[in-house]
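*Asks:* Below is one structure. I have some questions about it.
Since every read-out is calculated from the coordinates, none of them should be taken as a lab result. These numbers were taken from a predicted model, which means no experiment stands behind them. Cβ placement follows ideal geometry from the backbone for every residue including glycine, while neighbour counts extend to all protein chains displayed.
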Amino acid sequence: MYKTYINETLRPNITQPTKVLDLFAGCGGLSLGFEAAGYETIGYEFEEAAVATYNKNLKGICHLQKLDVGFKYPEADIVIGGPPCQPFSVFGNQKGMEDARDGFPIFIDAIKQLQPKVFMFENVRNLAYSHKWYFDLIKNELSKLGYIIEFRCLNAVNYGVPQNRERMIVVGHKSSFNYPIVHKNKVTVGEAIGDLIDTIKDESKILTPRQDEYIAVYERKSSCVNPRDLYPDKPARTLTCRNLAGCTSDMQRVRLKDGRRRRLVVREAARLQSFPDWFEFTGTEAKQFNQIGNAVPPLLAYQLALKIKETYSLPTKSIEEINRKLIPLSLFD
């Protein structure tokens, strides 16, 4: 049911006149959710393979462009994006605004230029904790532009995505906004990729005895009670560029029926991130994994886009229609 749902629901279906500008668009996870909700998107991204993936799959055009303050954007009523999170991630150096990759000055400049009806950005949960002082600065700058700022840490696993993935979702508006409802049940690894685990024949991904021992040593040192494999009856751990593309002690891996363990392939990682099967990634395998690891889960993006659509884009008589399109709590029962 999960595979069928994302394959059918997460398809571009442009029905709205409103244009959505996606900054730091990556391969288009956010844009796919918004296009499935009916919006035309325009993306900007500086990583060539990610731009190629976006343009291969979405209706909107993504421009290969390294953004900077002062860059002139096309008109848009909604601005979304994922400013680079490495400056704030607990796995990075946490330099914050001192990091050259900090994209928030660029995002704020775009809001100043365009004065959209609404904007939304996502970032790592740590932005509101270790870097709370900087998060407060960001909110203050955006508030001064006349926006009400809403922010909430959402875990994608509570919105139909088979993965524990906490992200800060910030919305700026001038009226009202409601976050999507939490799902009662969680989608598991087995429901998401159970049809793939024992059918994929890729010997290059099978862990060697030496790799198994390397992992065992890491887990003993870190006092890990259970191996950090992916379990069919549970959602996945957070997918990152590092644990997808790298053959590390923390790599994402599944256990086969014969007892051997195997690293994930691209299609499995994509499913766990809620990319539909028709969505094709470009570039080397490492670049494809990086695109998946950096993406916003499209299924979460879709539900956020529907809530924005409910609030800003349709007359009151259409609200019931939008509510019916929201994923029912019992869908994955």
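*Asks:* When you scan the stretch 135-147, how many residues do you find that are touching a strand residue (DSSP E or B) at 6+ places or on another chain (Cβ under 6 Å) and not in a helix (DSSP H, G or I)?
*Replies:* Residues that pass the stated criteria total 1.
*Asks:* Going residue by residue through the stretch 192-215, is there one that turns out to be of a type in the set (Phe, Trp, Tyr) and either closer than 30 Å to residue 110 by Cα or touching a Pro at 6+ places or on another chain (Cβ under 8 Å) (or both)?
*Replies:* Looking through the stretch 192-215, none of the residues is of a type in the set (Phe, Trp, Tyr) and either closer than 30 Å to residue 110 by Cα or touching a Pro at 6+ places or on another chain (Cβ under 8 Å) (or both).
*Asks:* A follow-up question, please. Would you check which residues across the stretch 112-134 are part of a helix (DSSP H, G or I) and touching a residue at least 24 places away in the same chain (Cβ under 8 Å) and list them?
*Replies:* The answer is 112, 113, 114, 125, 126, 127, 128, 134.
*Asks:* So, one more: Scan the stretch 227-237 for residues that are surrounded by fewer than 16 Cβ atoms within 10 Å (Cβ to Cβ) and more than 16 Å from residue 260 (Cα to Cα) and jot them down.
*Replies:* Passing the criteria: 233, 234.
*Asks:* Separate question: Collect the residues in the stretch 17-39 that are surrounded by fewer than 24 Cβ atoms within 10 Å (Cβ to Cβ), out of contact with any Pro (no Cβ under 8 Å at 6 or more places or on another chain) and not hydroxyl-bearing (Ser, Thr, Tyr), keeping them in residue-number order.
*Replies:* Listed by number, the residues that qualify are 17, 38.
*Asks:* Filter the stretch 269-298 for residues that are among the acidic types (Asp, Glu) and surrounded by 24 or more Cβ atoms within 10 Å (Cβ to Cβ) and give the result.
*Replies:* none
*Asks:* Scan the stretch 1-52 residue by residue and report those that are farther than 27 Å from residue 185 by Cβ and assigned to a helix (DSSP H, G or I).
*Replies:* Those that are farther than 27 Å from residue 185 by Cβ and assigned to a helix (DSSP H, G or I): 31, 48, 49, 50, 51, 52.
*Asks:* What are the residue pairs meeting all of these: first residue in the stretch 60-79, first residue part of a loop (DSSP other than H, G, I, E, B), second residue surrounded by 14 or more Cβ atoms within 10 Å (Cβ to Cβ) and among the polar types (S, T, N, Q), Cβ atoms under 7 Å, and 6 or more apart or on different chains?
*Replies:* Short answer, once both residue conditions are applied: 60/31; 60/41; 73/113; 77/18.
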